[in-house]
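Novice: Questions regarding the structure given below will be posed in turn.
The values are calculated or read from the model by the stated rules, or taken from the named source; none is laboratory data. Just so it is clear, the structure is predicted and the values come from calculations on it, not from any experiment. No Cβ is skipped: glycine too gets one built from the backbone with ideal geometry, and neighbour counts run over all protein chains shown. In case anyone asks, the SASA skips ligands and DNA or RNA and just uses the protein heavy atoms, side chains included. Shrake-Rupley method; radii C 1.70, N 1.55, O 1.52, S 1.80 Å.
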Amino acid sequence: MRFVEETGSTNADMQALVGQGVPEGTWLRAGRQTGGRGRMGRSWESVDGNLYCSTLVRLSAADPPPHSLALVAANAVHALIAPLCTGQAQIKWPNDVLVDGAKIAGILLERSGDAVVVGIGVNVASHPQGLDRPVTSLHAQKASAAEAGALLERLAELFAHWLAIWRAQGLDPVRTHWLLNAHPTGTPMRVVPPDGDVIEGTFDTLDRQGMLILRLANGESRAIHAGDILLI
């Protein structure tokens, strides 16, 4: 594992390392980020005490679809967080982990040549204030002993575990476990796709490729490949 006190973005640094041939399983953690980002180009507030890290997966032709690594990462992050929280930890498609509806962790996948860089941020010591959505941290969940460095060691183990299952058994067991720990069937949600055409419905399931299936009010199903999800 590599550590830097400060960097712009661990994902950007890991993408540079991909080109240098670093092996799969390499992790990079930063004490703070000056240019951290989330999905859709959003900034990710990166203060001291929280976990900011990235790893990489070298792809092979026999692997499941690369985008399904989001489910691998979500399973690992959920397994890391759930035992530490007083509230209920739950995965929200495609890349968040919530505790009692408040975001505590986010995941960002970025393709880099023959690899996928997986960035993970966990609110450990603190969480942003004044946002338009609820957020929380491990310390706010009474996990006052949680520390970013130790959490990364455990996260690396959990990610390796789910990555091995993804490679050896395919996406099905990863998807099944994800569904057990995600928002339940029938959860009302609003989807804002990249084109901005808002869709409302209820969560139905994930398809065999890991795409969200939304049940519309007229009974039709809609496959969602990308977008922001708001639970309503």
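Novice: Between a residue in the stretch 161-188 that is over 22 Å from Leu98 (Cβ atoms) and in contact (Cβ under 8 Å) with a residue 40 or more places away in the chain and any residue that is open to solvent by 50 Å² or more (accessible area, probe 1.4 Å) and among the charged types (D, E, K, R), which pairs come within a Cβ distance under 9 Å, given they are 6 or more apart or on different chains?
Specialist: Leu163/Glu24; Leu171/Arg208
Novice: Do you know which residues across the stretch 138-154 are closer than 23 Å to Val72 by Cα, open to solvent by less than 30 Å² (accessible area, probe 1.4 Å) and aliphatic (A, V, I, L, M)?
Specialist: Leu138, Ala146, Ala148, Leu151, Leu152
Novice: Is it true that Leu151 is closer than 25 Å to Thr26 by Cβ, in contact with a Leu (Cβ under 7 Å, 6 or more places away or on another chain) and assigned to a helix (DSSP H, G or I)?
Specialist: Yes.
Novice: How many residues does the stretch 16-57 hold that are part of a helix (DSSP H, G or I) and at pLDDT below 90?
Specialist: Final tally of qualifying residues: 3.
Residue-by-condition table, conditions (1) aliphatic (A, V, I, L, M); (2) farther than 18 Å from Asp228 by Cα:
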{"residue": "His177", "(1), (2)": "no, yes"}
{"residue": "Leu180", "(1), (2)": "yes, yes"}
{"residue": "Thr187", "(1), (2)": "no, no"}
{"residue": "Val192", "(1), (2)": "yes, no"}
{"residue": "Ile199", "(1), (2)": "yes, no"}
{"residue": "Phe203", "(1), (2)": "no, no"}
{"residue": "Leu206", "(1), (2)": "yes, no"}
{"residue": "Gly210", "(1), (2)": "no, no"}
{"residue": "Leu214", "(1), (2)": "yes, no"}
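Novice: Could we say that Asp13 is open to solvent by 30 Å² or more (accessible area, probe 1.4 Å), among the acidic types (Asp, Glu), modelled with pLDDT under 95 and over 27 Å from Pro193 (Cα atoms) here? Give the steps one after another, and end with the answer.
Specialist: Details: open to solvent by 30 Å² or more (accessible area, probe 1.4 Å): yes; among the acidic types (Asp, Glu): yes; modelled with pLDDT under 95: no; over 27 Å from Pro193 (Cα atoms): yes.
No.
Novice: Sort out which residues of the stretch 196-229 are closer than 19 Å to Pro184 by Cβ, in contact with a strand residue (DSSP E or B) (Cβ under 8 Å, 6 or more places away or on another chain) and not aliphatic (A, V, I, L, M), and write them in order of number.
Specialist: Of everything in the stretch 196-229, those that are closer than 19 Å to Pro184 by Cβ, in contact with a strand residue (DSSP E or B) (Cβ under 8 Å, 6 or more places away or on another chain) and not aliphatic (A, V, I, L, M) turn out to be Glu200, Gly201, Thr202, Phe203, Asp204, Thr205, Asp207, Arg215, Ser221, Arg222.
Novice: Does the stretch 120-137 contain any residue that is at pLDDT 95 or above, of a type outside the set (A, V, I, L, M, F, W, C) and open to solvent by 20 Å² or more (accessible area, probe 1.4 Å)?
Specialist: Checking the stretch 120-137: not a single residue is at pLDDT 95 or above, of a type outside the set (A, V, I, L, M, F, W, C) and open to solvent by 20 Å² or more (accessible area, probe 1.4 Å).
Novice: Residues of the stretch 58-91 being under 19 Å from Leu171 (Cβ atoms) and either of a type in the set (D, E, K, R) or outside any helix (DSSP H, G or I) (or both), which ones?
Specialist: Scanning the stretch 58-91 gives Arg58, Leu59, Ser60, Ala61, Ala62, Asp63, Pro64, Pro65, Ile91.
Novice: If Asn181 passes every condition in (1) within 18 Å of the chain's Cα centre (by Cα); (2) over 18 Å from Gln90 (Cβ atoms); (3) not small (Gly, Ala, Ser) but one, which one does it miss?
Specialist: (2)
Novice: Right, next: State all residues of the stretch 173-186 that are farther than 18 Å from Pro65 by Cβ, modelled with pLDDT of 95 or more and buried (at least 16 other Cβ atoms within 10 Å of the Cβ); if no residue qualifies, say none.
Specialist: Listed by number, the residues that qualify are Asn181, Ala182.
Novice: Which one is most open to solvent (accessible area, probe 1.4 Å), of the residues in the stretch 61-118 that are touching a residue at least 24 places away in the same chain (Cβ under 8 Å) and polar (S, T, N, Q)?
Specialist: Here the answer is Thr86.
Novice: Give the number of residues within the stretch 187-232 that are open to solvent by 40 Å² or more (accessible area, probe 1.4 Å) and under 25 Å from Asp132 (Cα atoms).
Specialist: 15
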